[in-house]
Amino acid sequence: MNKTTTVGIAVACGLAALIGTSKRADRRAPAQTHVDTARTFNHSSALLALSVLSDSAMEHYRGSFDNPAMYTPIVVSALSLLAGLHGGRDHEPQRHPCRNSVYVGAALAGLAGTGFHVYNITKRPGQWSWHNLFYAAPIGAPMALLLSGALGAVAERLRDEPQHEPRLFGMPAGRALALLTSAGLVGTLGEVALLHFRGAFQNPAMYAPIVIPPVAAALLVNTAIAAPRSRWFTRLWLRMTAALGVVGVGFHARGIARNHGGWRNWSQNLFNGPPLPAPPSFSALALAGLAAQRLRETER
């Protein structure tokens, strides 16, 4: 079994475990639905944090940690990952102050990181040129940390809401979570579109993350604004979006293997090939969307 297959199986098993958790939530009492939704959002936050931790550790190592602030996303995403794993096992209907503080810190670190990356682009010759957008600090990468913190913080706030009528931001919680997840999918899409455009869409499969997530985002908006009811097609499309993250890891692993030396030269090809930790972001958001969909179906 080669390393590409091993990576694909590992990610698939992790995603299956998360989806399994989500399916088990459906069999709980209706009054517990909002806590189960919060736990799924904790899991989604953890998966996003893992993606950020892996990606920022690699990219900032390549940058030789030239600025001490480059250690920040590694520490913060590691804490967000631990908070998400802890929250995913917590059935208590009340927020955890330590987890909540970690999530808020992650969101603020994501905002600050975006500022640093924008500055990195603007200080280069040509500033907002295609070359700098392609090869300077990735402008969209810190937003994944912001999103991880936002999903986790919303999960903690949801736990404090009444069991039968949870509300967030002045609206039913299911509606608010569907809109939040839709916005996250659209934001993630921007960075993916830019990098796949840089790759000239040399493989037709590179169009998949440009086509599938926007449809998922639109379906979640429809879930939010339309009357609550069961939507089998939305669930099916969100599961397809979750699978996209697993398949994407396989394609990226194949892209690394095709470089000179393949996985035997992993210390160089991991940096030069497509980013291996990036695709699971879609899986994380799809899981959050499925949880929001289930909660929305209980609202009247």
Expected single match for among the hydroxyl-bearing types (Ser, Thr, Tyr) and in contact with an Asp or Glu (Cβ under 7 Å, 6 or more places away or on another chain) among Ser230, Ser267, Ser281 is Ser230
Scan the stretch 147-185 for residues that are basic (Lys, Arg) and in a helix (DSSP H, G or I) and jot them down. Arg157, Arg159, Arg175
When both residues are 6+ apart or on different chains and their Cβ atoms are under 6 Å apart, which pairs have a first residue that lies in the stretch 88-99 and is farther than 13 Å from Asn42 by Cβ, and a second that is of a type in the set (A, V, I, L, M, F, W, C)? Pro93/Val35
Selection over the stretch 154-165 where residues are surrounded by 22 or more Cβ atoms within 10 Å (Cβ to Cβ) and either touching a Lys or Arg at 6+ places or on another chain (Cβ under 9 Å) or free of Cβ contacts under 8 Å to residues at least 40 places away in the same chain (or both) yields a count of 4
Considering only residues of the stretch 48-90 that are surrounded by fewer than 22 Cβ atoms within 10 Å (Cβ to Cβ) and of a type in the set (Ser, Thr, Tyr), which is nearest to Ala106 (Cα to Cα)? Thr72
Flag if His96 is closer than 25 Å to Arg175 by Cα, surrounded by 16 or more Cβ atoms within 10 Å (Cβ to Cβ) and modelled with pLDDT under 90: no
Subset of the stretch 255-300 (residues that are assigned to a loop (DSSP other than H, G, I, E, B) and either within 23 Å of Met58 (Cα to Cα) or of a type outside the set (S, T, N, Q) (or both)): Asn259, His260, Gly261, Gly273, Pro274, Pro275, Leu276, Pro277, Ala278, Pro279, Glu299, Arg300
Looking at the stretch 76-90, can you tell me whether even one residue there is among the basic types (Lys, Arg) and either outside any loop (DSSP other than H, G, I, E, B) or over 20 Å from Ala291 (Cα atoms) (or both)? no
Taking the stretch 112-146, which residues are among the hydrophobic types (A, V, I, L, M, F, W, C), free of Cβ contacts under 8 Å to residues at least 40 places away in the same chain, under 17 Å from His60 (Cα atoms) and assigned to a helix (DSSP H, G or I)? Val118, Ile121
Checked the stretch 37-62 for anything touching a residue at least 24 places away in the same chain (Cβ under 8 Å) and of a type in the set (Gly, Ala, Ser); matches are Ala38, Ser44, Ser45, Ala46, Ala49, Ser51, Ser54, Ser56
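The values are calculated or read from the model by the stated rules, or taken from the named source; none is laboratory data. This one's a predicted model, so the numbers in the text were calculated from it and none came from an experiment. Please note: Cβ atoms are built from the backbone with ideal geometry, for glycine as well, and neighbour counts cover all protein chains shown.
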